[in-house]
Amino acid sequence: MTITESLSKEHSLILQAVACLSNAKDKLERYERPPKEFFEMALEFAGSFADKYHHFKEEFLMFGLLAQKKEGTLDGPISALRFEHERCREFVNKIANSLEGYTGGDEIATVTLLENLAAYISILKRHIYTEDHVFFNMVDQVLSENETNALELQFQKEEEKMGGRDFFNTSEKLVFEMCFLLGKR
Ligand SMILES: [Fe+2]
Ligand SMILES: [Fe+2]
């Protein structure tokens, strides 16, 4: 599997989580109240797998190398993708901050949760679409075999730091459990 294929595979898991979050958003719009535990699991997944594991590899390893490689010509698209990662982190923090109020039935906290959830889902879906359909094709064309191999080694190191295959399996289980918890309601 190439590095962009492995990132796209991670996107598939992120999109499964996003589909459940979208279901939770629809419920909130109908005044249903998904359990606090669902959002806690979603925040765990968003913080660990989507951001610390996946976004880190893209942003700090791949974008860094690409920026040097194309001598600034890719600065525009890379800045946009970095900005979207950053916005996603902000939405996740705001969701986390609204959770206590939401659990207590506070209407303003509920609307704040809904607002940031909707934004997170929308920006992340667009972001993943861009990477899968535009950006990764470009990465495949631009990087030499040596650069790809070097990046692959760096990715492996980062993956091992997080627990490697076990971490991926645990994250898959987490998504399954959060979706199951939502489905039961
Ligand atoms: Fe990304
Ligand atoms: Fe990505």
Original post:
Taking into account only those residues within the stretch 104-124 that are without any contact (Cβ under 8 Å) to a residue 40 or more places away in the chain and hydrophobic (A, V, I, L, M, F, W, C), which is farthest from residue 36 (Cα to Cα)?
Top reply: 123
Original post:
How many of the residues making up the stretch 5-21 are away from ligand 1 (no atom under 16 Å from the Cβ) and surrounded by fewer than 17 Cβ atoms within 10 Å (Cβ to Cβ)?
Top reply: 2
**OP:** Just give me the residues in the stretch 85-96 being within 16 Å of ligand 1 (Cβ to nearest atom), buried (at least 18 other Cβ atoms within 10 Å of the Cβ) and not aromatic (Phe, Trp, Tyr), in sequence order.
**Re:** 85, 88, 92
Subject >> Residues of the stretch 67-121 classified as polar (S, T, N, Q) and under 17 Å from residue 46 (Cα atoms), total >> reply: 4
Original post:
Can you spot a residue in the stretch 132-140 that is in a helix (DSSP H, G or I) and within 15 Å of the chain's Cα centre (by Cα)?
Top reply: yes
Original post:
Can you pull out the residues in the stretch 29-56 that are buried (at least 16 other Cβ atoms within 10 Å of the Cβ) and touching a Phe, Trp or Tyr at 6+ places or on another chain (Cβ under 9 Å)?
Top reply: 39, 46, 48, 49, 53
Original post:
For residue 94, all conditions in the list (1) part of a helix (DSSP H, G or I); (2) out of contact with any Leu (no Cβ under 9 Å at 6 or more places or on another chain) hold save one; what is the number of the exception?
Top reply: (2)
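Yes/no matrix, rows are residues, columns are (1) free of Cβ contacts under 8 Å to residues at least 40 places away in the same chain; (2) within 14 Å of ligand 1 (Cβ to nearest atom):
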residue	(1), (2)
3	no, yes
34	no, no
61	no, yes
78	yes, yes
Original post:
Which one is farthest from ligand 2 (Cβ to nearest atom) among residues in the stretch 8-55 that are assigned to a helix (DSSP H, G or I) and touching a Lys or Arg at 6+ places or on another chain (Cβ under 7 Å)?
Top reply: 18
**OP:** Would you be able to say whether some residue in the stretch 150-173 is in contact (Cβ under 8 Å) with a residue 40 or more places away in the chain and of a type in the set (Val, Ile, Thr)?
**Re:** no
Original post:
Which number in (1) touching a residue at least 60 places away in the same chain (Cβ under 8 Å); (2) outside any helix (DSSP H, G or I); (3) among the small types (Gly, Ala, Ser) marks the one condition that residue 72 misses?
Top reply: (1)
Original post:
For the stretch 97-111, does any single residue satisfy the condition of being within 16 Å of ligand 1 (Cβ to nearest atom) and surrounded by 13 or more Cβ atoms within 10 Å (Cβ to Cβ)?
Top reply: no
**OP:** Name the residue, out of 120, 129, that is exposed (fewer than 15 other Cβ atoms within 10 Å of the Cβ) and assigned to a helix (DSSP H, G or I).
**Re:** 129
**OP:** Quick one: which residue in 114, 143 is at pLDDT 95 or above and surrounded by 16 or more Cβ atoms within 10 Å (Cβ to Cβ)?
**Re:** 114
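The values are calculated or read from the model by the stated rules, or taken from the named source; none is laboratory data. These numbers come from a predicted model, not from an experiment. Cβ coordinates were reconstructed from backbone atoms using ideal geometry, including for glycine residues, and neighbour counts include every protein chain displayed.
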